[in-house]
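Asker: Let me begin by handing over the structure; questions about it come next.
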Amino acid sequence: MDKSLRLDLNCDLGEGEPLSRTRALMHWITSANVACGAHAGDRRTMEACVRLAKRYGTRLGAHPGPWSRGDFGRGDVRTGPEEIEWLLLQQVGALDLLAHAHGLRLHHIKLHGALYHASEKDRALARHYVAAVKRFWPQAIIYARAGGRVARLARAAGLIVWEEAFADRGYRSDGTLVARDEPNALVTDPKAVVERILRRLGRGEIAAVSGGPVALNAQTLCIHSDTPHALQIARAVAKTLRTTGGITSEGRHAIRGTQ
């Protein structure tokens with residue numbers, strides 16, 4: 001096991017979960033992806049997340065999504081390449097302003113749901129997304145699917161990328177996620193999630209639902225706040241990363257002190 005490895009632990013927050021859960025999850029994670037008012041969230045929830053990120057020293061990130069609350073931004077995407085810049089200016093721009101008002105800077109940007117996956121399939125959408133981030137938030141890190149198109153394009157554009165693996169989602173053998181309406185889409189048992197993380201730390205891979213390995217060169221792990229037992233999963237993963245060297249308690253403190 002690579003003792004020098006340091007993994008970030010991120011979570012999608014401000015998506016309608018109780019504030020008590022937001023607060024509890026913020027205690028264990030190192031990065032928060034905050035919904036910006038489209039698929040979920042509003043000014044009140046965004047500002048609450050900013051305040052909690054400042055209190056806990058958590059990296060603050062924007063989590064822009066499609067303007068589709070009815071399906072939580074997980075349905076069909078109607079955002080075209082030409083529209084992505086305006087979507088980002090509205091959503092990421094709003095969170096960026098709130099962050100500055102509280103003395104924080106925006107650490108990263110991660111697309112939500114169907115927009116996240118559409119940008120991997122549609123090269124034009126991915127290119128416009130990367131171009132918008134480079135133009136307006138060049139210091140922000142892009143969180144993107146490990147081994148995916150967005151990560152490659154962003155890196156080629158000179159942006160910093162943290163490739164992402166999902167701790168609580170099922171993987172196909174090609175490295176894509178199992179659709180949420182299919183069996184094995186979610187991994188909800190904290191012990192099973194920890195086993196996956198240990199395999200990632202030890203072998204640099206995660207098990208697909210077929211049982212075969214999927215190589216993942218990830219710098220950040222994601223947990224969803226709406227996954228059943230999300231808090232127990234976050235606690236178990238954070239403790240595992242500390243004790244294995246995936247991230248030590250000292251390393252976590254050093255990361256959290258960087259805003």
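The values are calculated or read from the model by the stated rules, or taken from the named source; none is laboratory data. Given the structure is predicted, the values throughout are model-derived calculations rather than measurements. Quick reminder, even Gly has a Cβ in these numbers, built from the backbone with ideal geometry, and neighbours come from all protein chains shown. Each accessible area value is taken on the protein alone, full model and side chains, heavy atoms only, with ligands, DNA and RNA left out. Shrake-Rupley method; radii C 1.70, N 1.55, O 1.52, S 1.80 Å.
Asker: Looking at region 39-87, I'd like the Rg to Rh ratio, where Rg is from alpha-carbon atoms and Rh is Kirkwood's inverse mean 1/r. Intermediate values should be presented prior to the final figure.
Answerer: Details: Rg = 13.4 Å, Rh = 12.5 Å.
That ratio is 1.07, to two decimals.
Asker: To continue, here is another question. For region 5-143, what is the accessible area per residue in Å² when the probe is 1.4 Å?
Answerer: Details: 5650 Å² over 139 residues.
Per residue, region 5-143 has 41 Å² of solvent-accessible surface.
Asker: Okay, next question. Got a sec? Which residues in region 53-74 would a label at residue 181 touch, if it sits 7 Å along Cα→Cβ and we count backbone N under 12 Å?
Answerer: Zone members listed by number: 74.
Asker: Return the carbon/sulfur percentage of the accessible area of the chain, one whole number, probe 1.4 Å, all protein chains in place.
Answerer: Working: 5740 of 11100 Å².
Roughly 52 percent of what the probe reaches on the chain is carbon or sulfur.
Asker: With only Lys, Arg, Asp and Glu charged, each at its Cβ (+1 for the first two, -1 for the last two), find how big the charge dipole of region 25-103 is about the Cα centre; round to the nearest 20 debye. Spell out each step's value before the answer.
Answerer: On the way: 9 positive and 8 negative charges, 102 e Å.
Dipole size: approximately 480 debye.
Asker: While we're looking at this one, here's another question. What are the GluC sites (Glu not before Pro) within region 74-105 that DSSP puts in a loop, where the Cβ has at most 15 other Cβ atoms within 10 Å? The partial results should precede the final answer.
Answerer: Details: sites: 82, 83, 85; in loops: 82, 83.
Sparse-neighbourhood loop GluC sites (Glu not before Pro): 82, 83.
Asker: For Cα pairs less than 8 Å apart in space and 6+ apart in sequence, what is the mean separation divided by the residue count of region 43-96, i.e. the relative contact order in percent? List each step's numbers first, then the result.
Answerer: Details: 21 pairs, mean separation 19.0, N = 54.
Result for region 43-96 is 35 percent.
Asker: Relative contact order (percent) for the chain, with alpha-carbon contacts under 8 angstrom and 6 or more residues of separation? Walk me through the numbers before you get to the answer.
Answerer: Numbers: 520 pairs, mean separation 59.6, N = 259.
RCO, the chain: 23 percent.
Asker: With every protein chain in place, what's the accessible area of residue 122 (1.4 Å probe, Å², nearest 10)?
Answerer: 60 Å²
Asker: Under a 5 Å amide H to amide H cut-off, with H placed in plane at 1.01 Å, what residues pair with residue 13 once short-range neighbours are removed?
Answerer: 33, 34, 35
Asker: To the nearest 0.05, how large is the calculated FRET efficiency for residue 192 and residue 155 if R₀ is 30 Å and r is the Cβ-Cβ distance? Could you put the intermediate results ahead of the total?
Answerer: On the way: r = 32 Å, r/R0 = 1.06.
Using R0 = 30 Å, I get an efficiency of 0.40.
Asker: Dividing the alpha-carbon radius of gyration of region 1-101 by 2.2 N^0.38 Å (N being the number of residues), what value is obtained? Intermediate values should be presented prior to the final figure.
Answerer: Details: Rg = 14.6 Å, N = 101, 2.2 N^0.38 = 12.7 Å.
Region 1-101 yields a ratio of 1.15.
Asker: Region 40-117: which trypsin sites (Lys or Arg not before Pro) are DSSP loop and have at most 16 other beta-carbon atoms within 10 angstrom? Intermediate values should be presented prior to the final figure.
Answerer: Details: sites: 43, 44, 51, 54, 55, 59, 69, 74, 78, 105, 110; in loops: 74, 78, 105, 110.
Filter output for region 40-117: 78, 105.
Asker: Still on this model: What percent of all Cα-Cα pairs in the chain falls into each 5 Å bin, going from 0 up to the bin containing the maximum distance?
Answerer: 1, 6, 14, 19, 21, 19, 13, 6, 1, 0
Asker: Add -39500 (n - 2.57) for each DSSP H run of 4 or more in the chain, then divide by its residues: what number comes out at 222 nm, to the nearest 500 deg cm²/dmol?
Answerer: Value at 222 nm, helices only: -13000 deg cm²/dmol.
Asker: Roughly speaking, what is the centre-to-centre gap between region 175-239 and region 51-115 when only Cα atoms are used, to the nearest Å?
Answerer: Centre-to-centre distance over Cα atoms comes out at 23 Å.
Asker: Where a ≥ b ≥ c are the square roots of the eigenvalues of the C-alpha gyration tensor, would you call region 142-237 rounded, which needs a/c under 1.5, or, failing that, prolate if a/b is larger than b/c, or oblate? Intermediate values should be presented prior to the final figure.
Answerer: On the way: a/c = 1.67, a/b = 1.51, b/c = 1.10.
Note, shape of region 142-237 comes out prolate.
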